[in-house]
1. Filter the stretch A:18-46 down to residues that are more than 8 Å from chain B (Cβ to nearest Cβ) and of a type in the set (Ser, Thr, Tyr) and give me whichever is farthest from DNA strand D (Cβ to nearest atom).
2. Quick one: which residue in A:Arg66, A:Arg77 is within 8 Å of DNA strand C (Cβ to nearest atom), more than 15 Å from B:Ile104 (Cα to Cα) and away from every other protein chain (no Cβ under 14 Å)?
3. Scan the stretch B:50-67 and give yes if some residue there is over 16 Å from A:Asp8 (Cβ atoms), within 13 Å of DNA strand D (Cβ to nearest atom), at pLDDT 95 or above and touching an Asp or Glu at 6+ places or on another chain (Cβ under 7 Å), otherwise no.
4. Among the residues of the stretch B:89-105, how many are farther than 25 Å from B:Tyr29 by Cβ and either within 7 Å of chain A (Cβ to nearest Cβ) or assigned to a loop (DSSP other than H, G, I, E, B) (or both)?
5. Just one of (1) within 23 Å of A:Gln106 (Cα to Cα); (2) modelled with pLDDT under 95 trips up B:Trp97, so point out which.
6. All but one of (1) in contact with a strand residue (DSSP E or B) (Cβ under 6 Å, 6 or more places away or on another chain); (2) among the basic types (Lys, Arg); (3) within 28 Å of A:Gln93 (Cβ to Cβ) hold for B:Arg11; state the number of the condition that does not hold.
7. Which one of B:Asp15, B:Asp8 is more than 10 Å from DNA strand D (Cβ to nearest atom), at pLDDT 95 or above and of a type in the set (Asp, Glu)?
Number of protein chains: 2
Amino acid sequence: MTNKFERDLLRGSLDLVVLSVLAGGGKKYGYLIQKEVREASGGRVDLAAGTLYPLLHRLEDDGLIRSSWDAGTGRERKWYELTAAGRKRLSAQAQEWADYAACIRQLLAIAKVQPAS
Amino acid sequence: MTNKFERDLLRGSLDLVVLSVLAGGGKKYGYLIQKEVREASGGRVDLAAGTLYPLLHRLEDDGLIRSSWDAGTGRERKWYELTAAGRKRLSAQAQEWADYAACIRQLLAIAKVQPAS
DNA sequence: GGGTATATATAGCACGGCGATATATCGGCT
DNA sequence: AGCCGATATATCGCCGTGCTATATATACCC
């Protein structure tokens with residue numbers, strides 16, 4: 001992330017972002033998730049490795065995702081998939097996000113804030 | 001804030017929220033800002049005193065707001081108002097917020113996330 | 001065999017929201 | 001007068017967490 005503001009924005013939506021990418025279907029591994037997030041966000045969200053991997057561990061500890069190591073030889077990948085709890089959490093947070101965003105939009109509208117050019 | 005998710009959401013929009021309330025016109029003091037944020041957000045955003053006052057100090061240190069103590073006797077109030085830099089920052093962050101929100105909405109759309117009932 | 005991309009992991013830093021706590025005034029009730 | 005809740009500001013310290021830096025190892029191309 002470029003600046004502090006964006007870093008803090010990310011903080012409020014990081015679980016949401018990663019869970020939603022995993023909801024896109026099938027198992028995915030960390031490095032792939034990083035790439036998909038970057039692409040799906042048009043380059044705006046680019047997770048540092050030091051952010052992503054600890055996050056995946058937290059999500060797994062919380063039972064929201066499940067992992068299995070690649071069976072093949074060579075470069076090992078840790079494949080993640082959503083659990084039922086993860087899917088539920090994703091839905092709930094998506095709703096909360098939408099509500100909160102609407103709330104902020106209203107605050108800005110009340111103040112008649114003009115976006116910068 | 002009720003839970004961790006909302007606390008982290010707040011973190012990404014706190015400056016925005018406070019600056020936008022101050023953009024609403026005239027000088028305002030901390031306790032009033034707290035009330036107006038609570039009301040304008042439908043009770044969703046309720047700033048703790050331990051959040052609000054340090055924040056106001058930071059914003060002032062950054063030159064985004066300016067303060068003056070109440071001249072009258074009795075209960076003292078510290079009145080804040082936006083500076084030109086503050087108004088500029090507000091516009092910029094409002095734009096960034098809108099862009100980021102659009103980005104998240106797209107991510108959720110791609111993943112076909114259904115919001116919780 | 002050297003360099004770049006792929007792939008995962010962790011330690012430690014820096015920052016900030018919040019609970020707890022302190023202080024003081026004001027108004028209403030009894 | 002005394003009490004109490006609301007008003008009003010302030011700070012300390014805890015805790016969570018995103019990120020930089022660092023480590024390790026494989027794959028592939030030149």
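The values are calculated or read from the model by the stated rules, or taken from the named source; none is laboratory data. Because the structure is predicted, anything quoted here is derived from the model rather than measured. Here the Cβ positions follow ideal geometry from the backbone for every residue, glycine too, while neighbour counts run over all protein chains shown.
1. Top of the filtered list is A:Tyr29.
2. Details: A:Arg66 fails: within 8 Å of DNA strand C (Cβ to nearest atom).
Just a single option satisfies the conditions, and that option is A:Arg77.
3. Within the stretch B:50-67 (the criterion being over 16 Å from A:Asp8 (Cβ atoms), within 13 Å of DNA strand D (Cβ to nearest atom), at pLDDT 95 or above and touching an Asp or Glu at 6+ places or on another chain (Cβ under 7 Å)), the answer is yes, since at least one residue qualifies.
4. Residues meeting the conditions: 9.
5. (2)
6. Going through (1) in contact with a strand residue (DSSP E or B) (Cβ under 6 Å, 6 or more places away or on another chain); (2) among the basic types (Lys, Arg); (3) within 28 Å of A:Gln93 (Cβ to Cβ) one by one, B:Arg11 breaks only (1).
7. Selected residue: B:Asp15, the only one of B:Asp15, B:Asp8 that is more than 10 Å from DNA strand D (Cβ to nearest atom), at pLDDT 95 or above and of a type in the set (Asp, Glu).
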